[in-house]
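Notes follow once the structure below has been shown.
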Amino acid sequence: MGKITRRKFLAGSAAGGAALMLTPAQKALAAGSFEGFPEGMGVLVDLTRCVGCRTCEAACNVEQKLPEPALPFDDTSVFDEIKHGQKRRTTDKAYTIVNRYEPEGADPIYRKIQCNHCNEPACLTSCFVNAYKKTPEGAVIYNEKVCVGCRNCMIACPFHIPAYTYHSVLNPVIKKCIFCYDTRLKEGRPPACVESCPQQVMTFGKRNDLMKIAHDRIKKNPGKYVNHVYGEKEVGGTGWFYLSNVPFEEAGFDTDLPNKPIIDNVKDFLAIVPMVLTIWPALFTGFHLLATKGKSHGHGDDHSHDEQEGHGK
Amino acid sequence: MVNAGKQLMVGLGVLLLSSVLAISCYAMDYPDEVEIDVLANLYEAVVFDHAMHVDLTEGCADCHHHTTGTPVLNEYCAKCHDGKEEMDWVSCQDCHSAGPVSAENLNNPKTDFIYHNDKPNLKAAYHLNCIGCHQEVGGPTGCEDCHAKTEAGDEFYRSGEFTPKKSADSSGH
Ligand code: SF4
Ligand code: SF4
Ligand code: SF4
């Protein structure tokens, strides 16, 4: 059994390798064109409105059927949590979290963190089994059955979003916010977190329309916002983008990110070379995991790899 | 000199007019209490003490924009609604959609009102207005200062009787 799994996996990874050799135009289709999908949806997040009530966290937990949290969602002591010198991050059990920051000489500011659904997602381009997909609606989703748990995307994501199910020995996979694609976005409905927010911190709509609204808000409220829309240009543009009244770095944003996508294989084919280098260790991790999987597990897993192979052809 | 004097007169006139308008606002027939139950699944309805807020605020426009005949405070609203054009719509719900923020709402803006394109929905209109002011004047701002949770609310927030039981493996990495 283990042998068969391994052979099939190799076939699958050969197809993955072939994908890397596609012409730039073909790869562009896979990764989304540079402008993203013009009709794609997005979310404008206005940090000045957030009061840190964590209702959005509760809504995501219900919508995505996530496990019970450690503390109630109305418990604000989580804002003081520091682990490894860092504030809370998204986990496999919490696709979104709200953190509090204390900017110099200003009131505390709260920031909701989730996948930003990049126009050109580094998670997608770094994934060598093509588990990720950017949908025309704007969501960056992934296929858990294809994911081999190599964690390339965790390293590639500039916002540290994908989380890993460390607790699952048999089938460790990546978990992250999916823009409520299956249950809502597909039907044109706003995500659960957006709808739940009492302050309409988040406005849902076409990315292009929202960008105009964002710039309008800056213009119509002189002195209220810093003159920057975080995510308009960063890493090639993100589907969820932000307005703030304090400099973005004071609200915990990484302001050193380039405006170019992290793995720019659409316009610069050469950029793939270093990616291949990063893939090899991951490949071997993949082999190891699959070998372990084959021994301890039976048919369920094989089935998913059959599907994967089918896709590859 | 003449100009300054004239300006002063105009200024006084405006002041007088606005106080007359303000009085006319207070003379209006308004409810002493408003029951707000748009979030009634997670929270008990809020009985809003309108009379108390009328006493505490300077004028109706503090909350109702330009819709009651008192002078407009927001400079953007004032560009069109310069005080001449008060409206009949006083209830928040008349302008702020009680439905969720839908893509449809945003895709079909009423283009004849170009300045009304970024209008918060009803739930946000209340919260932004109430909490925004409460933050400034030091009023209550906690969720449960205004809203009593229902059982469904406790279940949603995993609070009260739904509080997670502390286990050794409580949180992730
Ligand atoms: S934020 Fe990270 S996980 Fe989300 S689409 Fe961008 S690169 Fe991928
Ligand atoms: S969009 Fe959906 S999955 Fe993502 S954080 Fe919001 S509720 Fe959770
Ligand atoms: S629900 Fe809205 S106001 Fe509350 S924490 Fe989330 S984003 Fe902030």
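The values are calculated or read from the model by the stated rules, or taken from the named source; none is laboratory data. No experiment lies behind these values; they were computed from the predicted model shown. Cβ placement follows ideal geometry from the backbone for every residue including glycine, while neighbour counts extend to all protein chains displayed. Note: areas computed on protein heavy atoms with side chains; ligands, DNA, RNA excluded. Shrake-Rupley method; radii C 1.70, N 1.55, O 1.52, S 1.80 Å.
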Report, to the nearest whole %, how much of the accessible area of region A:41-265 belongs to carbon and sulfur atoms, 1.4 Å probe, protein only. 50 percent
Karplus 3J(HN,Hα) series, Hz, for region A:64-79 with 6.51 cos²θ - 1.76 cosθ + 1.60 (x for Gly, Pro): 8, 6, 7, x, 4, x, 6, 10, x, 6, 9, 8, 8, 5, 5, 5
Tell me, what is the per residue accessible area of region A:106-242 in Å², probe radius 1.4 Å? 35 Å²
For region A:53-99 and region A:151-194, compute the distance between their C-alpha centroids and round to whole Å. 14 Å
Search the structure for amide H atoms under 5 Å from the amide H of B:Y43, placed 1.01 Å from N in the peptide plane, and list their residues when 5 or more places away or on another chain. B:T150
Efficiency by 1/(1 + (r/R0)^6): what FRET value for B:T57 and A:I155, r their Cβ-Cβ distance, R0 = 35 Å, to the nearest 0.05? 0.05
Derived scalar couplings ³J(HN,Hα) [region A:82-88; Karplus, 6.51 cos²θ - 1.76 cosθ + 1.60; whole Hz; x for Gly, Pro]: 10, 10, 6, x, 10, 6, 4
Ignoring everything but the protein chains, give the 1.4 Å probe accessible area of A:M41 in square angstrom, nearest 10. 30 Å²
Sorted by chain and number, the residues with a modelled amide H under 5 Å from that of A:C118, at a separation of 5 or more or across chains, are A:G239
If the limit is 29 Å between Cα atoms, which of A:K186/A:K233; A:K112/B:K166; A:K260/B:K123; A:K83/A:K206; A:K83/B:K123; A:K93/B:K149 go over it? A:K260/B:K123; A:K83/A:K206; A:K83/B:K123
Residues of region A:183-216 with the amide nitrogen closer than 16 Å to a label point 7 Å from the Cα of B:K79, along Cα-to-Cβ, please. A:212-216
Any idea how far apart B:D49 and B:E161 come out in nm if each label point goes 7 Å out from Cα toward Cβ? 3.1 nm
Just to be sure I understand: if you take the accessible area of chain A alone plus chain B alone and subtract the pair, with a 1.4 Å probe, what total do you get in Å², rounded to 100? 3100 Å²
Quick one: net charge of A:N99's neighbours, Cβ under 13 Å, K/R +1, D/E -1? +3
Karplus ³J(HN,Hα) for region A:230-244 (6.51 cos²θ - 1.76 cosθ + 1.60, θ = phi - 60°; Hz, whole; x = Gly/Pro) runs 6, x, 5, 10, 3, 6, x, x, 10, x, 9, 9, 10, 10, 9
With the 8 Å Cα cutoff and a minimum separation of six or more residues, region A:103-254 has a relative contact order in percent of 24 percent
What figure, in Å² to the nearest 10, do you get for the accessible area of A:S126 with a 1.4 Å probe and non-protein molecules left out? 10 Å²
Within-13-Å neighbourhood charge of A:P72 [Cβ basis; K, R +1; D, E -1]: -3
Accessible-area order for B:T163, A:T55, A:T76, largest to smallest, probe 1.4 angstrom, reads A:T76, B:T163, A:T55
Cut-off under 5 Å, modelled amide H: who pairs with A:L243 long-range: A:V45, A:D46, A:L47
